[in-house]
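The values are calculated or read from the model by the stated rules, or taken from the named source; none is laboratory data. Predicted model, so just to flag it, every value in this text is computed and none were measured. Here the Cβ positions follow ideal geometry from the backbone for every residue, glycine too, while neighbour counts run over all protein chains shown. For the accessible areas, the whole protein counts, side chains as well, though only heavy atoms, and no ligand, DNA or RNA atoms are used. Shrake-Rupley method; radii C 1.70, N 1.55, O 1.52, S 1.80 Å.
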Amino acid sequence: MKIEIQSSPNEVAEFAAKYIAERIKEKPEFVLGCATGGTVVLLYQKLVEYSKLGLIDFSHVVTFNLDEYVGLPREHSQSYYTFMSYHLFSHVNIPEDNIHILNGGAKNLKDECEQFEELITKSGGIDLQILGIGRNGHIAFNEPGSFEDTTTRIVDLNYDTILANSDGRFFSNSNEVPRQALTMGVATILNAKEILLLATSGGKSEAIALAVNGPVTPLVPASFLQKHSKCTFIIDDGAASRLKNK
Ligand code: GLP
């Protein structure tokens with residue numbers, strides 16, 4: 001695991017965006033794993049900027065999103081489908097057919113998850129997965145208690161996660177937050193050829209310290225990333241503040 005410590009959220013986003021742009025230049029049919037959440041908004045802003053400057057061509061890029069709420073229609077303002085369209089997809093030249101986001105409104109959610117795994121395999125696997133991290137150490141919606149062999153599935157959200165997503169940034173109160181989600185599993189994420197995890201602010205410092213310095217345990221799903229051969233944490237000073245041996 002590699003740790004890149006940057007001095008601000010803007011530098012975290014820039015470091016990650018430059019890296020992703022380089023990788024897409026090397027392989028135009030790049031398979032990119034996308035994340036949602038406040039942390040990655042700046043990263044997508046930079047990717048859009050680079051695309052407008054002609055520095056990234058998304059026309060052959062294929063994407064798979066980590067997760068989606070169950071029961072929210074795609075057009076709901078807080079669905080991850082809407083998030084991705086608003087922050088990235090509607091601003092770049094990616095073909096609609098190349099975008100894969102789990103449908104939390106599908107009639108058969110189990111089939112939806114199985115088909116998603118098959119599509120990832122058919123695409124040749126994810127070249128680079130972008131990740132955020134929850135304050136409770138979750139990755140995607142793999143909450144504490146998620147095991148290493150989990151694949152895409154239906155999960156219940158932890159109360160911590162429901163609260164974190166109802167602080168006014170996304171939902172305005174906890175009753176509005178769906179109780180379940182579809183999420184790539186820990187094994188699905190670890191199968192990506194490369195992983196970039198972004199975290200900013202002191203609020204993430206405990207989760208980062210546990211993920212990096214703590215034991216590998218399902219109680220901190222992000223700790224499984226210690227086992228990945230090409231995983232980089234790109235974090236700011238605040239998120240790095242509790243790391244040992246900086
Ligand atoms: C949600 C997403 C996660 C993301 C997390 C962190 O729970 N499912 O994939 O990592 O939010 O979000 P933020 O960046 O807003 O702290």
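Using alpha-carbon positions, what is the distance between the centroids of the stretch 226-246 and the stretch 200-218, in Å? The stretch 226-246 and the stretch 200-218 have Cα centres separated by 8 Å.
For a paramagnetic label modelled on Lys193 (point 7 Å from Cα along Cα→Cβ), amide N atoms under 18 Å away belong, within the stretch 202-246, to 228-232.
Bridge orientation summary for the chain: considering DSSP beta bridges with both residues in this region, about 30 percent are antiparallel. By a 1.4 Å probe calculation restricted to protein chains, Phe116 has an accessible surface near 10 Å², given to the nearest 10. With R₀ set to 35 Å, the beta-carbon distance separating Asp237 from Glu29 gives a calculated FRET efficiency near 0.45. Using C-alpha pairs below 8 Å separated by at least 6 residues, the relative contact order for the chain is 25 percent.
Scanning residues 5 or more positions from Ile56 or on other chains, those with amide H under 5 Å from its amide H are Ser51, with H placed 1.01 Å from N in the peptide plane. Taking the three principal axes of the alpha carbon atoms in the chain, the coordinate ranges are 44, 40, 34 Å, sorted in descending order. Taking the accessible area of the stretch 1-79, probe 1.4 Å, and keeping the other protein chains in place, the carbon and sulfur fraction comes to 52%.
Working from label points 7 Å from Cα in the Cα-to-Cβ sense, the Asp167 to Asn213 distance is 2.2 nm. Surface exposure of the chain, expressed per residue as accessible area with a 1.4 Å probe, stands at 44 Å². Here the label points at Arg135 and Lys244, each 7 Å from Cα along the C-beta direction, are separated by 2.5 nm in the simple model.
Put a dot 7 Å past the Cα of Lys230, heading toward its Cβ, do the same for Lys52, and the two dots end up 3.1 nm apart. Per-residue surface analysis assigns Leu225 an accessible area of about 0 Å², computed on protein heavy atoms at 1.4 Å probe radius.
Debye-formula intensities of the stretch 101-199, expressed as log10 I(q)/I(0) at q = 0.23 Å⁻¹, are -1.31 (one equal scatterer per alpha-carbon, no solvent).
Evaluating 6.51 cos²θ - 1.76 cosθ + 1.60 at θ = phi - 60° for every residue in the stretch 4-12, the Karplus couplings come out as 10, 9, 10, 8, 7, x, 5, 6, 4 Hz, glycine and proline recorded as x. Taking amide H as placed 1.01 Å from N in the peptide plane, the amide H of Phe233 sits under 5 Å from that of Lys2, Ile3, Glu4, Leu197, each at least 5 places away or on another chain.
The stretch 3-97: which trypsin sites (Lys or Arg not before Pro) are DSSP loop and have at most 16 other beta-carbon atoms within 10 angstrom? Please report the intermediate quantities before stating the final value.
Values: sites: Lys18, Arg23, Lys25, Lys46, Lys52, Arg74; in loops: Arg74.
Passing sites in the stretch 3-97 are Arg74.
Segment Ser8..Lys122, full-extension length gain: 37.3 nm, with 0.36 nm per residue of separation and the alpha-carbon distance subtracted.
If DNA, RNA and ligands are ignored and the probe is 1.4 Å, what is the ranking of Asp57, Asp236, Asp149 by accessible area, most exposed first? Numbers along the way, then the final one.
On the way: Asp57 75, Asp236 10, Asp149 120 Å².
I get Asp149, Asp57, Asp236, largest accessible area first.
For Phe89, Phe15, write out the residues from largest to smallest accessible area, computed with a 1.4 angstrom probe and no ligands counted.
Details: Phe89 20, Phe15 70 Å².
Of Phe89, Phe15, the descending order of accessible area is Phe15, Phe89.
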